[in-house]
Amino acid sequence: MRLIVKADAQGAAGSAADEVARACRTAVAERGRALIAFSGGTTPWLMLGALRDLDVPWNVVHVAQVDERVAPPGDALRNLTRLEEILVRTGPLPARQLWPMPVNDEPLAVAAASYQSALEAEFGAPLCFDLVQLGLGADGHTASLVPGDPVLDVTDRDVALAASYQGTTRMTLTFPALSRARGRLWLVTGAAKAERLQQLLAGAAGAPAGRVSREHATVIADAAAAP
């Protein structure tokens, strides 16, 4: 696990954008296209804003979601709302290459399975992302893999439903999908994450984040979060 520390969140976001761009170029050179999964959050939105201006072969880049809240289309709670705004409406990503989680389809369990099936039909099975960008919660969660949630024990699916967390049900990639990816990029900022980041770097497996594969993993943190 590689650690990169920047002075502030803006610097961390810019460095993360560089890592994503590099992963996209490598994937395209080796396999003809790239499949990247993004998480939500304030610093990731800064990262995506910086990514728009970098050398990325957008015509063959596909973007999926790490997780998503069950909320109406266009809701400010939805990660998709910002992904569409930054990468599609005001950015270079073709709309057909954004793969939104179908959180408004019913029943939700079937919708989660259909998301996995759709990605597998396009990119092959087992599903292997070129890069998954992850965040780290102050409680040790990543994606929507929250302490105590039964979804932590899901091993036979790449996409599943998590229980309600902070008032919303969520759809999420599971540990097998995150750990099978060719690379993992952790973007961690803020003093509230410092203790959990130290545990992640030390390899402690108690929190959900610690159960994700450490192989081919890069952590980009700001000075406030870094140990």
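The values are calculated or read from the model by the stated rules, or taken from the named source; none is laboratory data. None of these values were measured; they are calculated from a predicted model. Backbone-built Cβ (ideal geometry, glycine too); neighbour counts: all protein chains shown.
Residues in the stretch 163-191 that are in a helix (DSSP H, G or I) and either polar (S, T, N, Q) or modelled with pLDDT under 95 (or both): SER179 only.
Screening ASP149, ASP139 for residues that are more than 13 Å from the chain's Cα centre (by Cα), among the charged types (D, E, K, R) and surrounded by fewer than 16 Cβ atoms within 10 Å (Cβ to Cβ) leaves exactly one candidate, ASP139. Scanning the stretch 136-184 for residues that are over 16 Å from ALA113 (Cβ atoms) and of a type in the set (D, E, K, R) yields ASP139, ASP149, ASP153, ARG180, ARG182, ARG184. Entry remark, the stretch 91-110: residues being outside any strand (DSSP E or B) and in contact with a helix residue (DSSP H, G or I) (Cβ under 9 Å, 6 or more places away or on another chain) number 12 in total. Of the residues making up the stretch 111-129, those that are touching a strand residue (DSSP E or B) at 6+ places or on another chain (Cβ under 9 Å) and part of a loop (DSSP other than H, G, I, E, B) are LEU127, CYS128, PHE129. The residue that is nearest to GLY40 (Cα to Cα), counting only those in the stretch 144-162 that are of a type in the set (A, V, I, L, M, F, W, C) and assigned to a loop (DSSP other than H, G, I, E, B), is VAL146.
As an exercise: evaluate ASP222 against (1) under 30 Å from VAL110 (Cα atoms); (2) in contact with a helix residue (DSSP H, G or I) (Cβ under 6 Å, 6 or more places away or on another chain) and give the number of the one condition it does not meet. Looking at each condition in turn, ASP222 falls short on (1).
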